[in-house]
There are 6 protein chains.
Amino acid sequence: MFELGVVYRNITRADRAAADQLARYGSATVHEAMGRVGLLKPYMRPIYAGAQVSGTAVTVLLHPGDNWMMHVVAEQIQPGDIVVAAITAECTDGYFGDLLATSFMARGARALVIDAGVRDVKTLTEMGFPVWSKAISAKGTIKATLGSVNVPVVCAGALVTPGDVVVADDDGVVVVPAALAVATADAAARREANEGDKRAKLASGVLGLDMYKMREPLAAAGLKYID
Amino acid sequence: MFELGVVYRNITRADRAAADQLARYGSATVHEAMGRVGLLKPYMRPIYAGAQVSGTAVTVLLHPGDNWMMHVVAEQIQPGDIVVAAITAECTDGYFGDLLATSFMARGARALVIDAGVRDVKTLTEMGFPVWSKAISAKGTIKATLGSVNVPVVCAGALVTPGDVVVADDDGVVVVPAALAVATADAAARREANEGDKRAKLASGVLGLDMYKMREPLAAAGLKYID
Amino acid sequence: MFELGVVYRNITRADRAAADQLARYGSATVHEAMGRVGLLKPYMRPIYAGAQVSGTAVTVLLHPGDNWMMHVVAEQIQPGDIVVAAITAECTDGYFGDLLATSFMARGARALVIDAGVRDVKTLTEMGFPVWSKAISAKGTIKATLGSVNVPVVCAGALVTPGDVVVADDDGVVVVPAALAVATADAAARREANEGDKRAKLASGVLGLDMYKMREPLAAAGLKYID
Amino acid sequence: MFELGVVYRNITRADRAAADQLARYGSATVHEAMGRVGLLKPYMRPIYAGAQVSGTAVTVLLHPGDNWMMHVVAEQIQPGDIVVAAITAECTDGYFGDLLATSFMARGARALVIDAGVRDVKTLTEMGFPVWSKAISAKGTIKATLGSVNVPVVCAGALVTPGDVVVADDDGVVVVPAALAVATADAAARREANEGDKRAKLASGVLGLDMYKMREPLAAAGLKYID
Amino acid sequence: MFELGVVYRNITRADRAAADQLARYGSATVHEAMGRVGLLKPYMRPIYAGAQVSGTAVTVLLHPGDNWMMHVVAEQIQPGDIVVAAITAECTDGYFGDLLATSFMARGARALVIDAGVRDVKTLTEMGFPVWSKAISAKGTIKATLGSVNVPVVCAGALVTPGDVVVADDDGVVVVPAALAVATADAAARREANEGDKRAKLASGVLGLDMYKMREPLAAAGLKYID
Amino acid sequence: MFELGVVYRNITRADRAAADQLARYGSATVHEAMGRVGLLKPYMRPIYAGAQVSGTAVTVLLHPGDNWMMHVVAEQIQPGDIVVAAITAECTDGYFGDLLATSFMARGARALVIDAGVRDVKTLTEMGFPVWSKAISAKGTIKATLGSVNVPVVCAGALVTPGDVVVADDDGVVVVPAALAVATADAAARREANEGDKRAKLASGVLGLDMYKMREPLAAAGLKYID
């Protein structure tokens, strides 16, 4: 933690297949598969609806109002990565725009997750480069202070270690520790397996009360029906 | 108020025709027709733009982080209802997703209004099931504590009694007490009747200052023009 | 400042060509061209995505919950203007809807920027009248208290003098003092001139680190790479 | 609900002894005695620390930025009452200051609970008149629009019916329906009865794990200890 | 506006007697005397209760996370001044602590008003140096970027021109344009003159309804009493 | 990370002398000594002013609205510890009151830092048990779900590993990794060493501009003085 002015070039990325596969389950299923943990705060919102991605985290720690390290992290991106940017204090400035996005895309980045603001969102949307952020702001930044790249960071309330898997969609962002990626992908797959079946039953009018056998525990807890 | 662990099966729903008709006027006109009251807080936002609905309220009172009663309320839904969910404390967890939505739609629900979070918003949008909520969050909930169904609740700052009419659109959500539904629908209809006429005049360049005869009261209030 | 009950009919608008031209650069480039100043707070959001406008400000100062002066300012609109509405206290009420928008459009207004709420956003979107606001709310207002028109106002944290240029897009809203409009347009044009070139280089894989010659100053600041 | 321009002069106040007695238990114990319900939102804070009161509610419904009805409600105050003020929209203006407080105290009011702002807080503190509010603001209000007095209101997320008991202290504000006042006071008294005993045990080093016999259910739920 | 890297050494301060006198009336009375305008946002709170000051504004414009210019503004302070600090973007960092306060006090400053964070609040309280701020935060700042001193700034939603009078107390902060200082002091004095009289009447049980002769206009507006 | 239902009984606490010593420097100095990192979000506020503590962290991870694990963590407290409580989602409920505080004090805890609400704050203040929290709320919690004790947690935006040093005062809360405790204490001591000297100089009227030799770099950056 807390090293400033340091760039780690070699990080251990999570299992690639698992990192790629997790996108399909989405953030809700993945965090359930981990035991309802790992979510970033719900103020992290996508700049446009419909994107659903997963990838391996490269991290960057920035100071408020200073995006110098965004250029440093760009060099560390490998295809399949998602950049996770944390700030040492609360800030809504626009750290990232279409030029940096062009560079990130050229390096193979799939998305940016940033606990601050971004700008050029119209162009980013046209480019199809998804960003989850705390704010949208035209406010530019300076390049004066060192942060770090590929150190563990806390982003929007969640610890992200370089190489972890990040899963993001319209519901939010979840981080899966690299060591749990394969097991989480398996657990998520199992959760999804019988969803279609459940959906069909519920669509036919079967109640969750019956499908999940809740009537007895509800009665045991004291639920009373009054006509 | 404040009964926990109770489900009221028989509620008196507002006049069906009025409940159906109110959607067409929208939340702004309806709350004006009631005297500028009845609105839920403006933090209640639709998960997708363009939906405009009205229906009769079935209510559910939930504890933070616990959606057990959502399955209980599902059974009490009748076609034309809108589920109104209140929480006993502030919470942004995702109480509702695509499976519950499938069940609610199968029962004939038109929408959900919830003073907390929802998830699976991409799927909900594809399904065309509108939700007005305080947050979007992938965070799941547990099923451990009893709340109540069809008791009066305070949702996002407004009292909702089971059977009241709920009107929701891109501008927000308004609740019309069942006893006032017909009168409110009439008043809203009257407000709308001459809107087309006003719009035409304004579009032609007539000023509201003249159309509403405001120049004299403005001068009386002391308004001064300076060249 | 602080004159209440006054309407200034003659204001000096910024250079028309510059006022029209600034839209094309967007809020991010324009505020950079001014030295990273002039932005309204990032809570000011467009009611629909994609609009990008600039125009000359006519201003209106309103009291909370009272939109009487919106009708007064309508008369002062000239083609190419953007109405900037400030409130003397925090308020999220819906001061503006489709009827006022019809009137504003008939007068030639290009947009509304308001540090409060608006309503009828579905209709406003269909009409193509863009609004940047702090909130969306169905809550109506009364017409009881005088404010002022075309006095300097503070809107969402920025001073706006009548005649200033307002530039608004998906990234936010920036105000350019009238006296700086031409110079700012020139500076913005220069900033844009070599953006295409930079974008092409970055897309080809050149890093910002090299393109902006950052490696040396980063090393001088003490940045360390660890393998 | 929703009657505007109406003052109810005769309300049925909760049992006086229960209304007076509830102050001693405080908001936390009282809301527990009701089943963890009845609390106003936690943003309601006292203007000074240490006050702990209970009393019968007289209610007032106000419009944003307009405190006219505060003078109307003053006349309806009886000794032992607490004024509960709700606003039809979000507002932080200062509706209440030392002059109104002087009048309220002369009428026998014990406190004010208001979902908006107050001012003159230094003088109010010196006078010893406690207020729980959403904001402190010097911003004054006008007197132009009718609200109502002694109608049911929603204040900071809780329904308050005239005559209900309000209990307020440093932890927040809770409302007890008049019909439940006596039973709630009894239940609260029972909760308090063995608190001294528990406190002594815990102070001596006994753990809640043992005192509440939690070890077994924790183990049953799967809790694991790792050395 | 918007000059960066500039320090104005000669500013015209408001009339000294008026600037000194305004403290006694407090922010509520002063803003009323100006017509309910001039207040900073209510999120500006004192770091300790009870301070009530007025003085002439020296202003400083800072960048987020950078307090370099605080040292520059220190030199421009004259006895009787209040430093007003604005930030070009939203920031809660701690720009100011006990060392700067020692320097400000040595120069004769009466207070600091800052739209960001401060730290060392325990020591500042012991020193008796009052601060009104948006946040309290231990987060330090850097010294890398130029802002300006004694330019007009927007601080917490209010325009402050160097030399204006700032009045701050437990209710908030109000700014009085220098040209209006004397007239405002006179108007405030008149408002206060008969407050003692009013207070005595209200304390004796006279109602505001009668003292302000509100019964007739309330009836005219349609107020109904129901027994 | 992310283990649920687990209690680690053996943790490695930071050097005791350093953990005890850090309190004297306060959160501002300590986070500076680490390079301006390690702070919890500024929304974490003390329930009463004036407390200044440091200690070794024992951590607890809780679910929203459920404080069961607070009893489990109590057993793991050793004299000199500070309990750090994180929640898996946003919650303002009152997880902690005077009974738990009695137990924590009996175990030797010095403070609680919790990213949620607390209650009984009047009694906690009288007991002299300091708490830093996000909210004060009378809302009670249930005991139904397992969390974990002494796992790494993210609390208010900062990673806290069991055994780390926590320093808290009126300015906020900072966490020092156990491995850095001694070095940080040394660095903080050095920072403090010449503060008295600086303070004396500034109090005598010497400007920071001169004491820190800023005039030259400011001129080099382009600062201009205008008379």
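The values are calculated or read from the model by the stated rules, or taken from the named source; none is laboratory data. In this text, all values refer to a predicted model and were calculated from it rather than measured experimentally. Every residue, glycine as well, gets a Cβ built from its backbone with ideal geometry; the counts of neighbours run over all protein chains shown. Accessible surface areas use protein heavy atoms only, side chains included; no ligands, DNA or RNA. Shrake-Rupley method; radii C 1.70, N 1.55, O 1.52, S 1.80 Å.
Can you give the relative contact order of segment C:1-141 as a percent, counting alpha carbon pairs under 8 Å and 6+ residues apart?
Once divided by the residue count of segment C:1-141, the mean separation gives 23 percent.
Normalise the Cα radius of gyration of segment A:56-198 by 2.2 N^0.38 Å (N = residues in it) and let me know the number.
Normalised Cα radius of gyration, segment A:56-198: 1.07.
Of the peptides B:122-129, D:205-212, how do they stack up when ordered by the mean number of other Cβ atoms within 10 Å, highest first?
B:122-129, D:205-212
Stretch A:Arg16-A:Asp227 to full length: gain in nm at 0.36 nm per residue minus the Cα-Cα span?
Using 0.36 nm per residue and subtracting the Cα-Cα distance, I get 70.3 nm.
What share of the DSSP beta bridges in chain A is antiparallel, in percent to the nearest 5?
45
Report, in deg cm²/dmol and to the nearest 500, the calculated mean residue ellipticity at 222 nm for the protein assembly as shown, where each DSSP H run with n ≥ 4 adds -39500 (n - 2.57) and the sum is divided by the residue count.
-8500 deg cm²/dmol
Calculate, in nm to one decimal, what E:Glu216 and E:Arg45 gain on full extension: separation in residues at 0.36 nm each, minus their alpha carbon distance.
My answer for the length gained is 57.6 nm.
Distance in whole Å from the F-onto-D rotation axis to the closest C-beta of chain F, together with the residue it belongs to, please.
Looking at chain F's Cβ atoms against the axis toward D, the nearest is F:Ala49, 6.
For the pair B:Gln78 and C:Glu126, what calculated FRET efficiency results from E = 1/(1 + (r/R0)^6), where r is the Cβ-Cβ distance and R0 = 30 Å, to the nearest 0.05?
Here the calculated transfer efficiency is 0.35.
Using a Förster distance of 41 angstrom, determine the FRET efficiency expected from the C-beta separation of A:Leu209 and D:Leu209, and round it to 0.05.
In this case the efficiency is close to 0.70.
Per residue of segment F:210-227, in order, report the coupling 6.51 cos²θ - 1.76 cosθ + 1.60 (Karplus, θ = phi - 60°) as ³J(HN,Hα) in whole Hz, putting x for Gly and Pro.
8, 4, 9, 6, 8, 4, 5, x, 5, 5, 4, 6, x, 5, 10, 9, 10, 8
Return the FRET efficiency for the residue pair E:Lys198, C:Arg191: r is the Cβ-Cβ distance, R0 is 56 Å, and the value is rounded to the nearest 0.05.
Approximately 0.40, to the nearest 0.05.
Find the accessible area per residue for the protein assembly as shown; the probe is 1.4 Å, ligands and nucleic acids are left out, and the unit is Å².
Working: 43000 Å² over 1362 residues.
That works out to 32 Å² per residue.
What's the carbon and sulfur percent of segment D:90-227's accessible surface, probe 1.4 angstrom, rounded to a whole number? Intermediate values should be presented prior to the final figure.
Details: 2480 of 4670 Å².
Answer for segment D:90-227: carbon and sulfur cover 53 percent of the accessible area.
Looking at segment A:1-83, which trypsin sites (Lys or Arg not before Pro) are in a loop (DSSP not H, G, I, E or B) and have at most 11 other Cβ atoms within 10 Å?
Details: sites: A:Arg9, A:Arg13, A:Arg16, A:Arg24, A:Arg36; in loops: A:Arg9, A:Arg13, A:Arg36.
Answer by residue number: A:Arg9.
Taking the highest mean first, how do the peptides F:217-223, D:170-176 order by number of other beta carbon atoms within 10 angstrom per residue? Before the final figure, lay out the partial values.
On the way: F:217-223: 13.9, D:170-176: 29.0.
Highest-to-lowest ranking by the protection proxy: D:170-176, F:217-223.
Which distances, shortest first and in nm, link C:Asn194 to the matching position in the other copies, using label points set 7 Å out along Cα to C-beta?
From this label point to the equivalent ones elsewhere in the assembly: 4.2, 6.4, 6.4, 7.0, 7.9 nm.
Taking every residue in A:155-161, how many Cβ atoms of other protein chains lie within 10 Å of its Cβ, on average?
Partner Cβ neighbours, averaged per residue: 4.
Alpha carbon centre of segment E:85-147 versus segment C:1-79: separation in Å?
32
Cα gyration tensor of the protein assembly as shown, axes a ≥ b ≥ c as square roots of the eigenvalues: rounded (a/c below 1.5), prolate (a/b > b/c) or oblate?
rounded
Segment C:133-227: Rg/Rh from Cα coordinates, Kirkwood Rh?
A ratio of 1.20.
May I ask you to report, in nm to one decimal and beginning with the shortest, the distances from D:Gly205 to the same position in the other copies, taking label points 7 Å along Cα-to-Cβ?
Going from nearest to farthest copy, the values are 6.2, 6.2, 6.6, 7.0, 9.2 nm.
Enumerate the calculated ³J(HN,Hα) couplings along segment B:196-207 in order (Karplus 6.51 cos²θ - 1.76 cosθ + 1.60, θ = phi - 60°), each rounded to whole Hz, writing x wherever the residue is Gly or Pro.
Calculated HN-Hα couplings, in order: x, 4, 4, 4, 4, 4, 5, 5, 7, x, 4, 8 Hz.
With both partners inside the protein assembly as shown, how many of the DSSP beta bridges are antiparallel, as a percent to the nearest 5? Before the final figure, lay out each step's value.
Numbers: 105 of 237 bridges.
Here the antiparallel bridges make up roughly 45 percent for the protein assembly as shown.
Classify segment B:15-55: rounded, prolate or oblate, from the alpha-carbon gyration tensor (a ≥ b ≥ c, eigenvalue square roots; a/c under 1.5 rounded; otherwise prolate if a/b is larger than b/c)?
Note, shape of segment B:15-55 comes out oblate.
For peptide B:141-148, what's the mean number of Cβ atoms from other chains within 10 Å of each residue's Cβ?
Counting Cβ atoms of other protein chains within 10 Å of each residue's Cβ and averaging gives 6.
Computed on protein heavy atoms with a 1.4 Å probe, what is the summed buried accessible area for the chain pair D and E, in Å² to the nearest 100?
On the way: alone 11420 and 11390 Å², together 19780 Å².
Buried surface at the D/E interface: approximately 3000 Å².
Across 10 Å bins from the origin, how do the percents of Cα pairs in segment E:111-165 run, short distances first?
Bin by bin from 0 Å, the calculated values are 19, 44, 35, 1.
Quick check on segment C:31-119: take the gyration tensor over C-alpha atoms, sort the square-rooted eigenvalues as a ≥ b ≥ c, and tell me if it's rounded (a/c under 1.5), prolate or oblate.
It is oblate, given that a/c is not under 1.5 and a/b is not larger than b/c.
What nm distances, shortest first, do you get from the label point of E:Pro217 to those in the other copies when the point sits 7 angstrom along Cα to Cβ?
Label-point distances to the other copies, shortest first: 1.5, 5.9, 5.9, 6.1, 6.1 nm.
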